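Have a look at the structure below before the remarks.
The values are calculated or read from the model by the stated rules, or taken from the named source; none is laboratory data. Not measured: the values here are computed from a predicted model. Cβ: placed from backbone, ideal geometry, glycine included. Neighbour counts: every protein chain shown.
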Amino acid sequence: MIKFHTQEETDVDVLEEVLEDIGNQSQLVVYNDDHNTFDWVIDCFVDVLRHSPEQAEQCAMLIHFKGKAIVKTATFDELRPKKDALIDKGLSAVIEEIPA
């Protein structure tokens, strides 16, 4: 027997697949410090996070003036190697879960 799906059923199936692909989102947060230069932080963001130079500069300014900034949002598994790479480069970074 062939079963045909209604548009509503198809939309729900697609939405469920998208939500599964997104997973639980987390935030990569970088904190201000007194020893890294703006240029170094910008270079790290371009290299590790693949930010544009402009985006990296904006994040560095936010960190400087606010004390910290969210520099990337993704799943924990995607963020972990990026956090580790930033820490290896001397930056202070943590991953925080986004509250549901």
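Numbers at a glance
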quantity: Contacts under 8 angstrom Cβ, first residue in the stretch 38-54 being without any contact (Cβ under 8 Å) to a residue 60 or more places away in the chain and within 16 Å of Lys72 (Cβ to Cβ), partner of a type in the set (Ser, Thr, Tyr) and part of a loop (DSSP other than H, G, I, E, B), 6 or more apart; calculated: Val46/Ser52
quantity: Those residues of the stretch 59-80 which are of a type outside the set (Gly, Ala, Ser) and over 11 Å from the mean Cα position of the chain (by Cα), in sequence order; calculated: Cys59, Met61, Leu62, Ile63, His64, Phe65, Lys66, Lys68
quantity: Any hit, the stretch 71-85, residues being hydroxyl-bearing (Ser, Thr, Tyr) and touching a Ser or Thr at 6+ places or on another chain (Cβ under 8 Å); calculated: yes
quantity: Any chance Val30 is surrounded by fewer than 17 Cβ atoms within 10 Å (Cβ to Cβ), at pLDDT 95 or above and touching a helix residue (DSSP H, G or I) at 6+ places or on another chain (Cβ under 6 Å); calculated: no
quantity: Matching helices (runs of 4 or more DSSP H) fully within the stretch 33-100 where at least 3 residues are surrounded by 14 or more Cβ atoms within 10 Å (Cβ to Cβ) and among the β-branched types (Val, Ile, Thr); calculated: 38-49
quantity: Residue in the stretch 36-56 that is within 14 Å of the chain's Cα centre (by Cα) and at pLDDT below 95 present; calculated: no
